[in-house]
1. Which condition number does G71 fail, the rest of (1) in a loop (DSSP other than H, G, I, E, B); (2) touching a strand residue (DSSP E or B) at 6+ places or on another chain (Cβ under 9 Å) being met?
2. How many residues are within 12 Å of T12 (Cα to Cα) and surrounded by fewer than 17 Cβ atoms within 10 Å (Cβ to Cβ) if we restrict to segment 46-56?
3. For residues that are touching a strand residue (DSSP E or B) at 6+ places or on another chain (Cβ under 8 Å), at pLDDT 95 or above and not hydrophobic (A, V, I, L, M, F, W, C), scanning just segment 74-100, find the one that is nearest to T159 (Cα to Cα).
4. Can you tell which of V166, V67 is out of contact with any Pro (no Cβ under 9 Å at 6 or more places or on another chain), at pLDDT 95 or above, of a type in the set (A, V, I, L, M) and surrounded by 18 or more Cβ atoms within 10 Å (Cβ to Cβ)?
5. Tell me, please, whether a residue that is under 28 Å from E131 (Cα atoms), part of a helix (DSSP H, G or I) and modelled with pLDDT under 95 can be found in segment 46-54.
6. Of the residues that sit in segment 21-45 and are at pLDDT below 90 and under 18 Å from V92 (Cβ atoms), which one is surrounded by the fewest Cβ atoms within 10 Å (Cβ to Cβ)?
7. Looking only at segment 1-20, which residues are assigned to a loop (DSSP other than H, G, I, E, B) and surrounded by 14 or more Cβ atoms within 10 Å (Cβ to Cβ)?
8. Just to be sure I understand, how many residues within segment 50-89 are farther than 18 Å from W19 by Cβ and over 16 Å from the mean Cα position of the chain (by Cα)?
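The values are calculated or read from the model by the stated rules, or taken from the named source; none is laboratory data. Since we're looking at a predicted model, the values are computed, not measured. Glycine gets a Cβ as well: all are built from the backbone with ideal geometry, and neighbour counts include every protein chain shown.
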Amino acid sequence: MEIADLHCDTITALDPAQWREGSGHISWRKLKEAGYGLQCVAVFQPYDRGDLYANFMRYADLLDESVEQNGDLVAKVTDARGIEKAVGEGKVALMLTIEEGGTMEGSLNKLHTLYRRGVRMMTLTWNFANELGYPNLDIATYRADRLFSLAHTDDRGLTPLGHETVAEMNR
């Protein structure tokens, strides 16, 4: 049985030199040995930190380099055919995803570039409002002591650009 994990944002926390054989919970070898067929590799960056688009491109480059160096274990994929091919070759299929729609910096042109880089899934917001919409929870009212009693606090939803982005992503 192959495992399909649709979210793991470890890539932004690990040293790329550790991706193949790392000592943490995740490495390419551990995924293969555990029976993973698909690992969605999420680039996570909180919206309030720096140049998200440029940082994403750096992570995408690092992932591409790692896939090239570790082609015996992993293959970068963008669709079901690619997943089937990778699994058929005994490799873990890696699909690039984004956790924070602010990475596209409000630009549909950048969204298209992200797609060309292989991104196939993207969360629209994380815990902060961005150009695409508002989070379910107002992070400004978050308190760690209420972690398990968090309640829906924001009804604003998507912005017009958020709606346009969803339509474009579904095209």
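1. Among (1) in a loop (DSSP other than H, G, I, E, B); (2) touching a strand residue (DSSP E or B) at 6+ places or on another chain (Cβ under 9 Å), G71 violates only (2).
2. Within segment 46-56, residues that are within 12 Å of T12 (Cα to Cα) and surrounded by fewer than 17 Cβ atoms within 10 Å (Cβ to Cβ) number 2.
3. Selected residue: T97.
4. After ruling out the rest, the residue left standing is V67.
5. yes
6. Ranking the qualifying residues of segment 21-45, first place goes to H25.
7. D9, L14, W19, R20
8. 11
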